[in-house]
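J.: Got a structure for you, written out below as structure tokens; questions coming shortly.
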Amino acid sequence: MPNELKPTIGLEIHVELKTASKMFCSCVNDGFEKEPNSHVCPICLGHPGTLPTVNKEAVKKVIKTGIALGCQIPEYSQFDRKNYFYPDIPKGYQISQNDFPLCKKGFLSINRKKIRIRRIHLEEDTGKLYHEKESTLIDFNRGGVPLMELVTEPDIESGIEASCFARELQTILRYLDISDADMEKGQMRIEVNISLSSQKKRLGTRVEIKNLNSFRSVERAINYEIERQKKEKVVQETRGWDESSQTTKSQRKKEEAHDYRYFPEPDIPPLSSREFIGEIKNEIKELPQARKERFKKEYGVDEKIARIFVLNKDLGNYFEETISELKEWQKAGKGDGDALKLAVNYLISDIQGLLMGKSIKTILITPENFAEFIFLISEKKISSKIAKMILLEMFKTGADPSDVIDEKKLLDFDDHKLEEIVDKVILENPEVVENYRRGKKEVVQFLIGQVMKFSQGKADPQKTRERFLEKI
């Protein structure tokens, strides 16, 4: 349709960097949950006569992000003063970057579509305001923390595309150890700029959406705003996302862009990135999208499983270590080809269930012991019921699976006991036996299940099947 309205969406994403100290002083960069105003000094409180010193590690982290996102890294960049008066900035200005950012013109591919990145620059974070009845309190522990801002071009066309971009960026930042990028803790904050355009009106009136503290909020806010702008007269304004009503609400009318009166920061000389580039490139290893494709190709897992191992990097590492150990076990036995699939299933379901949201790094089971456990199952040396008992004990103690079997006497079940139980099951289930003899071969599984029940899972399923086939 010629007059169909098309969303034009750009993102501004702020990310707090994982550094030991703040951006321009030596205050510790981990004081958000500590006593208010306990991690501050004259520099980050903006006392007269103080001089900022650039955090070299923060600069390197921004450049590393830029390289990973295919950005141009200009040889020259500079810091600027962004002037505005608000209680969370004690100096009356924020040290940021305007005309000469550290990175520019990059991209991130989402579902084979390139979302262009206009710029990535570095600045200092602000303090945090707490509104209580008729007063406002300020905590400057966050003030001065290195803050990276990434600005996309308006290439995004839907809420799901925006949330996918933000999720993929978060994964990359975590892989590179740039930031934990935890949205709930405010370490990654997203603002959306959105307008609707048509062939007659190329660019609609732009609206900015704030207060987005989750990927789901980003998606839902955009979807709501698209429908609202189709129905209502749109004015240039800032709107906030209201989680309770699932709507955007007007916060501030914005007739024209704010004049921050940028000028070069006189206390910080221009930066040259030439000395960092080679060193930083060598630090960048496998990125998430490349890792996902390698997992699919090398291990034969599907898109969904590969994605799980990419998003949970530590789980993916544990899986790879397990497979490496499993290959050593398979050299000693024939294996049945299902070991890798078993390892995936147990990691995704049983192990994750036992961890209950904790990191795989906390697990007592070594990849070597887990590989032995998987090998025992794939070789049909233990039943699935026995396997669950062994795994639980391994999880509690970190013990070797063979030691658990010996200590608990889980395979202490001789052929004589098996014969007795098989005979008992045959006698107690004459109709099932008769059905088997009439050609319903699948009923043997019921008989095997009865043996496993009476043996408390200790009977060997393969041996049990063989006994039934001999007797009936």
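The values are calculated or read from the model by the stated rules, or taken from the named source; none is laboratory data. Just so you know, these numbers come straight off a predicted model, no measurement behind them. Cβ atoms come from the backbone with ideal geometry, glycine included; neighbour counts cover every protein chain shown.
J.: Is there any pair with a first residue in the stretch 144-164 that is modelled with pLDDT of 95 or more and a second that is in a strand (DSSP E or B) and of a type in the set (Ser, Thr, Tyr) whose Cβ atoms are under 6 Å apart and which are 6 or more apart or on different chains, and what are they?
T.: Listed pairs, sorted by first residue: Pro154/Thr8.
J.: Looking only at the stretch 256-282, count how many residues are touching an Asp or Glu at 6+ places or on another chain (Cβ under 9 Å) and either basic (Lys, Arg) or outside the structural domain of Ser109 (by TED's automatic domain parsing) (or both).
T.: Within the stretch 256-282, residues that are touching an Asp or Glu at 6+ places or on another chain (Cβ under 9 Å) and either basic (Lys, Arg) or outside the structural domain of Ser109 (by TED's automatic domain parsing) (or both) number 1.
J.: Among the helices (runs of 4 or more DSSP H) lying completely within the stretch 375-472, list those that include at least 3 residues that are farther than 29 Å from Trp329 by Cα.
T.: Working: elements: 384-397, 401-408, 415-428, 430-437, 444-454, 461-471.
In the stretch 375-472, 415-428, 430-437, 444-454, 461-471 are the helices (runs of 4 or more DSSP H) which contain 3 or more residues that are farther than 29 Å from Trp329 by Cα.
J.: Of all residues in the stretch 244-282, how many are surrounded by fewer than 12 Cβ atoms within 10 Å (Cβ to Cβ), part of a helix (DSSP H, G or I) and either in contact (Cβ under 8 Å) with a residue 12 or more places away in the chain or under 30 Å from the mean Cα position of the chain (by Cα) (or both)?
T.: 4
J.: Which residue, of Lys440, Lys424, is under 52 Å from the mean Cα position of the chain (by Cα), at pLDDT 85 or above, farther than 28 Å from Ile374 by Cα and not assigned by TED's automatic domain parsing to the domain that holds Phe370?
T.: Answer to the selection: Lys440.
J.: Another question, then. Of the residues Thr205, Thr126, Thr136, only one is more than 23 Å from Glu4 (Cβ to Cβ) and either assigned to a loop (DSSP other than H, G, I, E, B) or in contact with a helix residue (DSSP H, G or I) (Cβ under 7 Å, 6 or more places away or on another chain) (or both); which?
T.: After ruling out the rest, the residue left standing is Thr126.
J.: Another one. Taking Gln445 as meeting all but one of (1) modelled with pLDDT of 85 or more; (2) touching a Leu at 6+ places or on another chain (Cβ under 7 Å), write down the number of the exception.
T.: (2)
J.: Against the condition among the β-branched types (Val, Ile, Thr), surrounded by fewer than 21 Cβ atoms within 10 Å (Cβ to Cβ) and assigned by TED's automatic domain parsing to the domain that holds Lys82, how does Thr152 come out, does it pass?
T.: Considered against the rule, which asks whether it is among the β-branched types (Val, Ile, Thr), surrounded by fewer than 21 Cβ atoms within 10 Å (Cβ to Cβ) and assigned by TED's automatic domain parsing to the domain that holds Lys82, Thr152 comes out as no.
J.: Something else about it: Is it fair to say Ser77 is hydroxyl-bearing (Ser, Thr, Tyr), crowded, with 20+ Cβ neighbours inside 10 Å and out of contact with any helix residue (DSSP H, G or I) (no Cβ under 6 Å at 6 or more places or on another chain)?
T.: Yes; evaluated as a whole, the condition is true for this residue.
J.: Could you check how many residues of the stretch 166-182 are part of a loop (DSSP other than H, G, I, E, B) and of a type outside the set (A, V, I, L, M, F, W, C)?
T.: Adding up the residues that qualify gives 4.
J.: Based on what the data block shows, is Val62 assigned to a loop (DSSP other than H, G, I, E, B), closer than 26 Å to Gln170 by Cα, among the β-branched types (Val, Ile, Thr) and touching a residue at least 60 places away in the same chain (Cβ under 8 Å)?
T.: Spelling it out, it is not the case that Val62 is assigned to a loop (DSSP other than H, G, I, E, B), closer than 26 Å to Gln170 by Cα, among the β-branched types (Val, Ile, Thr) and touching a residue at least 60 places away in the same chain (Cβ under 8 Å).
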